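Encoded as structure tokens, the structure appears first; notes follow it.
The values are calculated or read from the model by the stated rules, or taken from the named source; none is laboratory data. Values in this document were obtained by computation on a predicted structure and should not be read as measured data. Neighbour counts run over all protein chains shown; Cβ positions are idealised from the backbone, glycine included.
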Amino acid sequence: MSRSTRSKPGLERRRFLQQGALAGAALVAAPRVAEAQAAPAAQAPPPVMTHAAEGAEPADVLTLRDDERAGSDFMVDVFKSLGFEHFFANPGSSFRGLHESVINYGGNKSPELITCCHEESSVAMAHAYYKVDGKPAGVMAHGTVGLQHASMAIYNAWCDRVPVYVILGNYADAAIRRGAEWYHGVQDAAAMVRDFTKWDDFPWSLTHFAESAVRAYQVAMTPPMAPVVMVLDGELQERPIARGERLVVPKLSMPVPPQGERGAVEEVARMLVAAEYPVLVADRMARTPNGMTLLIELAETLQAAVIDQGSRMNFPSRHPLNQTLRARAAVTDADVIVGLELADYWGTVNALRDQLHRSSRQVAKANAKLVSITTGDLYIRANYQDFRRLQAVDLAIGADAEATLPPLIDAVKRLVTADRRRLFEERGAKLTQASRAAAEAARVAATYAWEASPVSVARLSAEVWAQIRGDDWSLVSSYYSNDQTNWPRRLWNFDKSYQWLGHAGGGGIGYGAPAAVGAALANRRHGRLSVAIQTDGDMMYAPGVIWTAAHHRIPLLWVMNNNRAYHQEIMHVQKMCNGRNRGIDRGEVGSQLVDPNIDFAKLAQSMGVHAEGPITNPNDLGPALRRAMAVVKKGEPALVDVVTQAR
Amino acid sequence: MSEMKVLVAVVLLALAGPPLERSRLAAEPALRTQESRPGAAASQQPSRRGPGVPAAPLGRVDAGGVLFKKVGCYQCHGNEAQGGLSGPRIGPNLFPSTRFFEYLRKPTGEMPPYTVKVLSDQDIADIYAWVQARPRPPAVNTLPQLAR
């Protein structure tokens with residue numbers, strides 16, 4: 001049935017019936033969907049309604065009675081039952097009912113509203129917030145203009161397989177729309193993001209809402225996780241709940257993530273134990289902090305090389321078996337490669353050469369055995385191409401990698417003999433040496449251009465590390481450089497699940513700044529020191545996030561990696577210039593952020609944030625960071641603008 | 001720094017320096033700076049020159065510094081040629097000018113080519129001179145910020 005043709009009694013009629021003719025009658029107050037179906041037999045007959053009576057305005061009824069509640073109050077009951085602690089939103093009238101319920105009925109606590117200045121910021125905040133401790137957040141937005149702003153960030157979360165719970169307001173019933181609500185009204189709001197969300201619904205009644213709201217949560221949180229959308233009709237939010245309407249908050253029952261089939265898991269264990277050079281590659285593997293603990297146990301049991309591709313914090317950066325800094329060498333040497341939730345298996349074992357004529361070649365040995373364990377095999381969507389190139393593997397286990405690690409560890413332990421263990425130890429010693437050498441080389445590499453101005457990114461990372469290393473820190477954003485080998489990953493000691501939060505997912509710029517705020521909010525309750533290495537181009541998408549951090553007293557140390565350009569793009573254009581061989585000195589045109597230079601300290605100060613800069617002398621950085629840290633430790637954001645080299 | 005002249009020889013491909021395992025380099029530019037570089041001997045002296053091969057232009061340090069920025073080397077290799085995440089460190093004292101010339105003209109990995117049409121031999125000689133003149137970094141253990 002099309003929504004526009006459905007017959008729906010308006011607010012006025014409901015109020016009239018409820019208070020006049022049929023006090024307490026369940027029939028009238030029943031959800032709309034039920035009305036369309038057969039009515040229960042033993043109910044009182046419906047009142048005789050004339051057209052005039054139905055349309056009449058009960059002008060005297062302007063406020064909720066003390067014993068009445070609004071539809072969105074019940075929605076808040078359901079959201080509270082799901083454990084939401086924060087809703088991120090830029091205010092919008094199509095969800096004004098829910099907004100009021102959150103702050104008054106719900107007491108603005110669990111969920112608490114976080115005021116955002118752009119819907120893209122709201123979603124990116126929720127995205128990174130989830131990655132800190134595995135709890136999704138809600139985002140409220142207009143079903144039309146709000147979602148249009150939010151869509152890129154939803155796409156990022158989709159590509160990153162992160163649950164974001166998007167709540168959209170919309171006025172379905174054309175007969176009651178105010179003028180602006182026509183612009184904010186849409187038949188199928190979720191359509192524009194349906195290719196990159198996992199599920200959506202537009203409930204017609206509060207019972208329908210309750211079930212869909214819980215279902216949406218379950219769907220979003222079941223691996224492979226992804227954003228979901230609930231479209232909430234404005235009238236359903238705003239109208240009073242009919243007295244006698246039986247509304248139940250459904251119980252949340254989370255499905256257990258699927259574990260690999262036993263025979264297949266044993267096969268992988270046999271391959272790993274027999275291998276000369278097994279390599280474990282993890283990308284979106286660690287769903288929970290336990291993921292890292294399990295991967296350490298598996299790697300140590302086998303003394304196997306581990307590569308952490310960095311979409312999650314999978315493995316301690318300084319673990320002796322961590323070969324991430326020499327990933328390609330490890331892949332080249334491998335005879336068995338086990339991919340754990342890899343977004344890009346093909347790219348792990350092949351290389352694409354990006355020149356005028358593109359070419360590719362396999363980098364893994366031709367006879368290397370490839371295994372994949374991923375829920376990616378269980379779910380795929382068309383249109384957007386984030387699924388990457390098809391990689392043939394020897395054994396594909398369609399299951400959740402973290403959930404599959406315990407039986408895999410057990411199976412490996414059962415198979416290890418004393419002989420194999422001796423070999424494992426020799427292998428482990430070699431890997432330890434190789435990872436130490438790579439780490440040492442990184443330290444030495446950081447010394448080059450140490451005194452240079454603009455400041456080298458290595459120097460910037462070293463200076464930040466020197467300040468935070470004694471604290472319980474979390475790097476909430478630093479993602480534009482190569483994820484596996486960026487400077488913090490090379491130089492800092494990452495060994496806790498919340499210290500590294502991966503990246504944008506879809507590569508959509510503008511994620512970094514809001515992600516830092518969302519993650520810092522989640523870190524706040526744990527008293528952690530949140531640090532962001534913030535690129536300038538990213539900040540300029542929606543700098544209103546600085547205000548959100550200030551307003552909500554979110555402690556966050558923002559260190560600008562201000563190279564005054566969209567630097568990645570300069571390199572791309574330079575490649576084109578060289579390849580086309582007709583001018584190589586204009587590659588920067590169109591991608592620089594100079595003339596005038598942006599003063600990020602002033603920008604932050606204008607929103608009430610302690611800020612210093614632009615810092616061009618690397619020796620000024622340490623003292624500025626110390627002053628900023630003192631502010632952050634008092635519970636507020638602070639920003640240090642550092643003029644840096646490229647990356 | 002005052003102008004320093006470095007003699008650079010243009011040498012044909014046949015006289016290329018020590019062979020490099022290009023395939024791996026190409027695939028993993030980010031790791032280039034981190035692994036020790038076999039055969040990356042320091043070389044400031046003129047390279048060997050075959051019979052009939054013209055002498056390379058003299059490199060001019062200051063001009064090289066301007067070019068390093070202007071033609072985009074800094075983008076991938078860092079402002080001081082120190083290496084970044086997109087391109088490895090390329091000096092000072094990493095390889096002879098022969099390799100430098102050879103690689104710019106015919107890169108085998110991700111680096112974009114620089115042809116004679118857009119970058120003359122003199123330009124390359126200048127850039128090489130500037131790269132060779134970069135200051136040595138402080139010893140890593142003297143930098144408390146880099147303490148493990």
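Test A:Val455 against the stated conditions and say whether it is within 27 Å of A:Thr288 (Cβ to Cβ) and of a type in the set (Val, Ile, Thr). So A:Val455 does not fit the description; no.
Residue pairs, Cβ under 6 Å, 6 or more apart or interchain, first in the stretch B:119-147 and within 11 Å of B:Phe68 (Cα to Cα), second among the aromatic types (Phe, Trp, Tyr). List them. Within 6 Å, the pairs are B:Ile124/B:Phe101; B:Ile127/B:Phe68; B:Tyr128/B:Phe100; B:Trp130/B:Phe68. Condition test on A:Lys575, is it basic (Lys, Arg), surrounded by fewer than 24 Cβ atoms within 10 Å (Cβ to Cβ) and more than 14 Å from chain B (Cβ to nearest Cβ)? Taking the combined requirement at face value, the residue does not satisfy it. The single condition among (1) buried (at least 16 other Cβ atoms within 10 Å of the Cβ); (2) over 20 Å from A:Glu451 (Cβ atoms) that A:Thr644 does not satisfy is (2). For the criterion of being buried (at least 18 other Cβ atoms within 10 Å of the Cβ), among the polar types (S, T, N, Q) and more than 13 Å from chain B (Cβ to nearest Cβ), A:Asn562 passes.
Within the stretch A:111-129, not a single residue is on the phi > 0 side of the Ramachandran plot and surrounded by fewer than 24 Cβ atoms within 10 Å (Cβ to Cβ). For the stretch A:584-625, a residue qualifies if it is within 13 Å of another protein chain (Cβ to nearest Cβ) and under 30 Å from the mean Cα position of the chain (by Cα), and the qualifying residues are A:Ser591, A:Gln592, A:Leu625.
Answer with yes or no whether B:Lys106 is surrounded by fewer than 18 Cβ atoms within 10 Å (Cβ to Cβ), farther than 28 Å from A:Glu463 by Cα, modelled with pLDDT of 95 or more and at the interface with chain A (Cβ under 8 Å from one of its Cβ atoms). Judged against the criteria, B:Lys106 is not a match.
Candidates A:Gln237, A:Gln218, A:Gln148: the one that is of a type outside the set (Gly, Ala, Ser), in contact (Cβ under 8 Å) with a residue 60 or more places away in the chain and outside the structural domain of A:Ala519 (by TED's automatic domain parsing) is A:Gln237.
Here B:Gln75 passes the criteria (1) modelled with pLDDT under 60; (2) buried (at least 23 other Cβ atoms within 10 Å of the Cβ) except the one numbered (1). Collect the residues in the stretch A:302-311 that are touching a Leu at 6+ places or on another chain (Cβ under 8 Å) and either in a strand (DSSP E or B) or among the basic types (Lys, Arg) (or both), keeping them in residue-number order. Listed by number, the residues that qualify are A:Ala305, A:Val306, A:Ile307.
When we screen B:Pro54, B:Pro113, B:Pro92, B:Pro138 for residues that are surrounded by fewer than 23 Cβ atoms within 10 Å (Cβ to Cβ), more than 9 Å from chain A (Cβ to nearest Cβ) and either within 13 Å of the chain's Cα centre (by Cα) or modelled with pLDDT of 95 or more (or both), the only hit is B:Pro92. When restricted to residues that are within 19 Å of A:Arg647 (Cβ to Cβ) and within 12 Å of the chain's Cα centre (by Cα), the stretch B:59-77 contains 4.
Of everything in the stretch A:133-151 that's within 16 Å of the chain's Cα centre (by Cα) and under 17 Å from A:Asp200 (Cα atoms), which residue is surrounded by the most Cβ atoms within 10 Å (Cβ to Cβ)? Filtering first and then ranking leaves A:Val139. If only residues of the stretch B:116-135 that are at the interface with another protein chain (Cβ under 9 Å from one of its Cβ atoms) and touching a helix residue (DSSP H, G or I) at 6+ places or on another chain (Cβ under 8 Å) are counted, the one that is farthest from B:Val61 (Cα to Cα) is B:Val118.
For every residue, the table says whether it meets (1) touching a residue at least 60 places away in the same chain (Cβ under 8 Å); (2) part of a helix (DSSP H, G or I); (3) among the hydroxyl-bearing types (Ser, Thr, Tyr).
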position: A:Phe88; (1), (2), (3): yes, no, no
position: A:Phe95; (1), (2), (3): yes, yes, no
position: A:Ser101; (1), (2), (3): yes, yes, yes
position: A:Ile114; (1), (2), (3): yes, no, no
position: A:Pro136; (1), (2), (3): yes, no, no
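When the residues of the stretch B:57-79 are filtered to those that are closer than 19 Å to B:Pro135 by Cβ and among the small types (Gly, Ala, Ser), the one that is farthest from the other protein chains (Cβ to nearest Cβ) is B:Gly59. Of the helices (runs of 4 or more DSSP H) entirely within the stretch A:372-490, those holding at least 1 residues that are within 30 Å of A:Asn561 (Cα to Cα) and in contact (Cβ under 8 Å) with a residue 24 or more places away in the chain occupy A:418-447, A:457-468.
Taken over the stretch A:335-357, the criterion of being crowded, with 19+ Cβ neighbours inside 10 Å and more than 14 Å from every other protein chain (Cβ to nearest Cβ) is satisfied by A:Val336, A:Ile337, A:Val338, A:Gly339, A:Leu340, A:Glu341, A:Leu342, A:Ala343, A:Tyr345. Can we say A:Lys131 is at pLDDT below 95 and either under 26 Å from A:Thr222 (Cα atoms) or of a type in the set (Lys, Arg) (or both)? The answer is no for A:Lys131. Note on the stretch A:313-362: enclosed strands (runs of 3 or more DSSP E) holding 1 or more residues that are free of Cβ contacts under 8 Å to residues at least 12 places away in the same chain and touching a Gly at 6+ places or on another chain (Cβ under 8 Å) are A:350-353.
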